[in-house]
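Beneath this line is the structure, given in structure tokens, with notes to follow.
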Amino acid sequence: MKHQHFTIATLGSHSALQILKGAKDEGFKTLLVVTKHTEPFYRRFTFIDDFIVLRALGDVISIEKSLRKRNVILIPHGSFVAYLGKVGNKRLTVPYYGNKKVLDWEADRTLQRRWLTRAGIHQPKQYRPDESIRFPVIVKSFGAAGGSGYFIAANKAGLDKKIKAMKQHKYVIQQYVVGVTCYLHYFYSPLTKSVELMSIDRRYETNADALGRIPLTYQTPSLDPSFVVVGNSPLVLRESLLPEVLAMAERIVSASQKLIDPRGLFGPFCLETIITPDQKFYAMEISCRIVAGTNLFIEGSPYTWLTYNEPMSTGRRIAREIKTAINKNKLALLTG
Ligand code: AMP
Ligand code: AMP
């Protein structure tokens with residue numbers, strides 16, 4: 001079957017526009033799952049061929065039959081985890097781009113740390129509550145996402161008080177790394193067996209990114225930083241940092257093939273880092289799918305321009321990968 005007979009579909013949120021624009025540019029049919037509330041917005045875009053309207057995006061499991069009929073390949077993004085959870089994602093039986101086994105390692109902070117350590121990636125120090133701690137620290141509850149539900153503590157008394165007030169019992173205490181946050185967007189192709197640097201962003205997190213605008217004399221002790229993301233801005237790095245940027249991703253892919261399963265991590269992923277004055281990257285987290293920061297680069301980034309000489313977003317790169325696999329009869333390599 002030719003690629004024109006397949007439909008690339010996703011949920012209407014997060015990076016859906018980028019994914020479907022890329023799919024259309026590569027010659028696929030496109031389908032978007034929306035709610036009544038978001039349908040009018042998405043109908044503005046002519047590169048979306050077809051819509052399915054649901055009461056809630058998480059109900060996508062109930063329409064699998066009709067997705068199958070249309071030869072759908074689902075492209076997961078950040079909202080898949082937010083609305084379906086890990087279990088919901090695993091229950092989907094329509095072709096789903098990516099390796100679902102990676103979900104277990106990504107979702108569990110302990111497993112994720114083991115994976116990144118095996119790949120030789122620096123990470124913020126992690127403390128037990130009873131050990132001697134160097135402050136400040138950031139406390140992250142398990143299950144918190146997108147920076148909400150985190151807090152910072154400057155000393156032991158503050159830490160104990162805030163932990164007591166927390167409803168969650170599973171959390172990690174991490175060294176607060178002071179440096180430039182930097183979100184590295186990659187793509188690993190098992191077809192070419194190479195890692196590509198797609199683009200880089202920084203996040204606007206409110207109100208952490210706004211506190212610096214208030215002089216210290218006007219700040220009150222009750223002003224707690226929050227890390228809820230509201231937008232993104234582009235970044236290019238000192239060129240001398242790029243060899244390490246690519247080497248880190250290669251080690252992560254290679255470690256995933258040993259730890260997770262032979263297919264390991266492939267497709268788009270993002271390493272969320274902080275760069276310290278000694279130019280070391282400390283990884284806070286890895287996201288194993290397309291991240292919303294790539295929406296800055298629907299026309300491509302400075303880095304993809306160097307390799308592709310044509311506009312190449314992460315969404316379009318996914319579609320091109322799937323098209324190449326279909327033409328080589330290797331689609332099964334890419335779906336879970
Ligand atoms: P949403 O589709 O807006 O409900 O977001 C789904 C998930 O993606 C949430 O965990 C968000 O925190 C995350 N997310 C959404 N937009 C962005 C963004 N621009 N940058 C980083 N993360 C995002
Ligand atoms: P995450 O959920 O890991 O993406 O973290 C959300 C945000 O919290 C990040 O984008 C950073 O701004 C901040 N953050 C997380 N971990 C650390 C850390 N160890 N040191 C400093 N800032 C952090």
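The values are calculated or read from the model by the stated rules, or taken from the named source; none is laboratory data. A quick note: this is a predicted structure, and the numbers were derived from the prediction, not measured. As a convention, Cβ positions derive from the backbone with ideal geometry for all residues, glycine included, and neighbour counts pool all protein chains shown. Accessible surface areas use protein heavy atoms only, side chains included; no ligands, DNA or RNA. Shrake-Rupley method; radii C 1.70, N 1.55, O 1.52, S 1.80 Å.
Here are a few things to note about the model shown:
- Every condition in (1) within 14 Å of ligand 2 (Cβ to nearest atom); (2) in contact with a helix residue (DSSP H, G or I) (Cβ under 8 Å, 6 or more places away or on another chain) is met by Pro136 except one, and the failing one is (2).
- Taken together, the residues in region 286-300 that are open to solvent by 10 Å² or more (accessible area, probe 1.4 Å) and more than 8 Å from ligand 1 (Cβ to nearest atom) amount to 8.
- Residue, least open to solvent (accessible area, probe 1.4 Å), within region 96-119, restricted to residues that are without any contact (Cβ under 8 Å) to a residue 12 or more places away in the chain and not in a loop (DSSP other than H, G, I, E, B): Leu111
- Verdict on Val177 being on the phi < 0 side of the Ramachandran plot, free of Cβ contacts under 8 Å to residues at least 40 places away in the same chain, in contact with a strand residue (DSSP E or B) (Cβ under 9 Å, 6 or more places away or on another chain) and of a type in the set (A, V, I, L, M, F, W, C): no
- So Gly85, is it within 12 Å of ligand 2 (Cβ to nearest atom) and out of contact with any Phe, Trp or Tyr (no Cβ under 8 Å at 6 or more places or on another chain): no
- Note on region 80-90: residues that are out of contact with any helix residue (DSSP H, G or I) (no Cβ under 6 Å at 6 or more places or on another chain) and either open to solvent by less than 10 Å² (accessible area, probe 1.4 Å) or without any contact (Cβ under 8 Å) to a residue 40 or more places away in the chain (or both) amount to 4.
- Which numbered condition Glu310 misses (of (1) part of a helix (DSSP H, G or I); (2) over 24 Å from Ala119 (Cβ atoms); (3) open to solvent by 20 Å² or more (accessible area, probe 1.4 Å)): (1)
- Residue within region 165-183 that is in a strand (DSSP E or B), within 16 Å of ligand 1 (Cβ to nearest atom) and among the hydrophobic types (A, V, I, L, M, F, W, C) present: yes
Conditions tested, residue by residue: (1) more than 30 Å from Pro277 (Cβ to Cβ); (2) in contact (Cβ under 8 Å) with a residue 60 or more places away in the chain; (3) touching a Leu at 6+ places or on another chain (Cβ under 9 Å).
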position: Ile73; (1), (2), (3): yes, yes, yes
position: Pro129; (1), (2), (3): no, no, yes
position: Ile133; (1), (2), (3): no, no, yes
position: Ala153; (1), (2), (3): no, no, yes
position: Gln168; (1), (2), (3): yes, no, no
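- The requirement of being away from ligand 2 (no atom under 16 Å from the Cβ), among the hydrophobic types (A, V, I, L, M, F, W, C) and under 18 Å from the mean Cα position of the chain (by Cα) is fulfilled nowhere in region 47-56; no residue meets it.
- Taken over region 120-136, the criterion of being open to solvent by less than 60 Å² (accessible area, probe 1.4 Å) and either closer than 24 Å to Gly78 by Cα or acidic (Asp, Glu) (or both) is satisfied by Ile121, Gln123, Pro124.
- For Thr93, the criteria (1) under 30 Å from Tyr176 (Cα atoms); (2) touching a residue at least 12 places away in the same chain (Cβ under 8 Å); (3) in a loop (DSSP other than H, G, I, E, B) hold in every case but one, which is (1).
- Residue within region 209-224 that is open to solvent by less than 70 Å² (accessible area, probe 1.4 Å), part of a helix (DSSP H, G or I) and of a type in the set (Gly, Ala, Ser) present: yes
- Against the conditions (1) at pLDDT below 95; (2) among the aliphatic types (A, V, I, L, M); (3) closer than 30 Å to Gln257 by Cβ, Ala208 satisfies every one except (3).
- Of the candidates Ala154, Ala119, the single residue that is at pLDDT below 95 and either among the small types (Gly, Ala, Ser) or in contact with a strand residue (DSSP E or B) (Cβ under 8 Å, 6 or more places away or on another chain) (or both) is Ala154.
- For region 260-284, filtering for residues that are surrounded by 15 or more Cβ atoms within 10 Å (Cβ to Cβ) and over 12 Å from Thr181 (Cα atoms) leaves 9.
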